[in-house]
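Okay, so here's the structure we're looking at.
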Amino acid sequence: MKFPTFRPRRMRATEGLRKLVRETSLSLDQLIMPYFIVEGMGIKNEIESMPGQFRFSIDQFLKELEELEELGVEHILLFGIPSKKDDRASGAYDPNGVIQRASREIKKHFPKLTLITDVCLCEYMSHGHCGIVEGEKIANDATLSLLAKTALSHAETGVDMVAPSDMMDGRVGAIRRVLDERGFSNLPILSYAAKYASSFYGPFRDAAGSAPEFGDRKSYQMDSANLKEALREIELDLKEGADLIMVKPALPYLDVIRAAKDKFNIPIAAYNVSGEYAMVKAAHAMGFLDEKKVVLEILTSIRRAGANVILTYHAKEVALWSKEAGRQFPLNISTP
Ligand code: PBG
């Protein structure tokens with residue numbers, strides 16, 4: 001036999017052979033597209049630090065959803081940006097708040113869409129923190145009832161899943177209890193279980209006007225150096241009744257996704273966050289990277305690390321690129 005005996009390149013010789021042995025698939029079914037909804041009418045404002053992403057008023061958002069439906073993106077996550085903020089986050093659990101109204105309209109016009117709502121208080125708080133502020137501290141237990149109230153108010157509008165992103169201890173349990181008591185025991189919770197105190201959320205905070213007025217989020221979001229702690233957080237959330245758990249951000253924490261996947265027998269979601277999106281867009285605008293190829297490589301990597309589900313601002317454009325290329329999912333990542 002001629003040296004070398006083993007030639008892994010044989011199976012890379014044609015696109016057909018590569019497809020045959022490809023280990024990771026990427027499908028639109030697995031992608032969730034996040035959106036920012038504002039009060040008012042006729043608004044579709046591009047977010048400066050997130051080119052291609054917009055703040056929509058409800059009427060404009062319904063038009064966006066028609067496009068999304070046409071492209072085959074079936075899952076969305078909503079963030080609300082209220083016109084008034086206060087120190088009790090009243091807008092978050094107002095039955096006529098921006099998310100509650102949006103959700104009712106969406107469910108009326110797009111009943112099949114998977115509608116997930118982010119449950120957090122920071123966008124609704126005048127100080128921009130994710131909980132009640134007492135002195136200079138973020139009060140954990142006092143915040144739980146407001147989070148549960150918020151989740152319940154979303155449930156009452158017909159959402160398909162609630163996603164708490166605040167990182168208060170015990171919030172999944174508090175939300176589960178209230179949902180169960182009020183007849184929503186079938187409503188799933190997607191927990192942002194391992195959410196790191198990350199600088200990759202910068203563009204999101206511009207978009208939502210939710211940067212904390214003082215201090216930072218390090219007393220509640222996780223230290224980026226920790227992996228074992230992420231597994232403990234996930235374990236706790238599962239005990240409290242989380243149905244799906246999330247690692248966030250995605251790309252700088254692929255090891256966390258992998259470790260979570262190996263340890264827990266539940267679906268894992270990963271959030272390809274605003275800063276990850278902004279980096280790709282900025283590099284593309286400079287002509288430094290080919291964004292289509294890079295985006296597909298990034299999403300494939302997140303899937304390969306073990307994520308079943310990816311929350312990504314790229315979802316819509318990926319669907320568009322796929323359509324333009326005349327392809328069906330699963331995406332063939334080696335074609336333009
Ligand atoms: C709210 C929330 C944030 C993100 C999702 N939910 C911001 C934060 O924690 O400051 C970030 C999403 C992104 O960057 O795309 N707590």
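The values are calculated or read from the model by the stated rules, or taken from the named source; none is laboratory data. The shown structure was predicted, so the numbers you read here are calculated from the model rather than taken from an experiment. Positions of Cβ are backbone-derived with ideal geometry, glycine not excepted, and every protein chain shown enters the neighbour counts. Ligands, DNA and RNA are excluded from the accessible area calculation, which covers all protein heavy atoms including side chains. Shrake-Rupley method; radii C 1.70, N 1.55, O 1.52, S 1.80 Å.
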TODO: Return the total of residues in region 264-298 being open to solvent by 70 Å² or more (accessible area, probe 1.4 Å) and within 25 Å of S322 (Cα to Cα).
DONE: 10
Task: Residues that are assigned to a helix (DSSP H, G or I) and either of a type in the set (S, T, Y) or away from the ligand (no atom under 13 Å from the Cβ) (or both), drawn from region 72-98 - done: S90, G91, Y93, V98
TODO: Select from region 86-117 the residues that are charged (D, E, K, R) and closer than 24 Å to K195 by Cα and write down the one among them that is surrounded by the most Cβ atoms within 10 Å (Cβ to Cβ).
DONE: R88
- [ ] Out of S25, S103, S49, S57, report the one residue that is at pLDDT 95 or above and in contact with a Leu (Cβ under 9 Å, 6 or more places away or on another chain).
- [x] S103
Open item on the list: Suppose we keep only residues that are small (G, A, S) and open to solvent by less than 20 Å² (accessible area, probe 1.4 Å) within region 118-149. Which one would you say is nearest to the ligand (Cβ to nearest atom)?
Closed with: G128
Open item on the list: Can you list residue pairs whose Cβ atoms sit under 8 Å apart, with the first residue in region 242-263 being acidic (D, E) and open to solvent by 20 Å² or more (accessible area, probe 1.4 Å) and the second being more than 16 Å from the ligand (Cβ to nearest atom) and part of a helix (DSSP H, G or I)? Count only pairs 6 or more apart in sequence or on different chains.
Closed with: D255/A305
Task: Selection count where residues are under 20 Å from the mean Cα position of the chain (by Cα) and more than 10 Å from the ligand (Cβ to nearest atom), scope region 207-217 - done: 1
Task: Selected residue (criterion: farthest from G80 (Cα to Cα)) from residues of region 28-46 that are of a type in the set (A, V, I, L, M, F, W, C) and modelled with pLDDT of 95 or more - done: L31
Open item on the list: If I filter region 319-327 for residues that are at pLDDT 95 or above, out of contact with any Lys or Arg (no Cβ under 8 Å at 6 or more places or on another chain) and open to solvent by 10 Å² or more (accessible area, probe 1.4 Å), do I get at least one hit?
Closed with: no
- [ ] Any chance you could count how many residues in region 166-198 are near the ligand (Cβ under 10 Å from one of its atoms) and touching a residue at least 40 places away in the same chain (Cβ under 8 Å)?
- [x] 6
- [ ] Would you check if there is a residue in region 103-117 being touching a helix residue (DSSP H, G or I) at 6+ places or on another chain (Cβ under 8 Å), of a type in the set (A, V, I, L, M) and within 15 Å of the ligand (Cβ to nearest atom)?
- [x] no
Open item on the list: Quick check on region 173-225: of everything there that is touching a Cys at 6+ places or on another chain (Cβ under 9 Å) and closer than 19 Å to I245 by Cα, which residue is surrounded by the most Cβ atoms within 10 Å (Cβ to Cβ)?
Closed with: Y192
Open item on the list: So, R22, is that one out of contact with any helix residue (DSSP H, G or I) (no Cβ under 6 Å at 6 or more places or on another chain) and part of a loop (DSSP other than H, G, I, E, B) or not?
Closed with: yes
Open item on the list: I'd like the full set of residues that are in a strand (DSSP E or B) and within 23 Å of P188 (Cβ to Cβ), limited to region 107-136.
Closed with: T114, L115, I116, T117, D118, V119
Task: Per-region count, region 203-217, residues part of a loop (DSSP other than H, G, I, E, B) and either at pLDDT 95 or above or among the aliphatic types (A, V, I, L, M) (or both) - done: 1
TODO: Look at region 30-53 and say how many of its residues are in contact with a strand residue (DSSP E or B) (Cβ under 8 Å, 6 or more places away or on another chain) and surrounded by fewer than 19 Cβ atoms within 10 Å (Cβ to Cβ).
DONE: 9
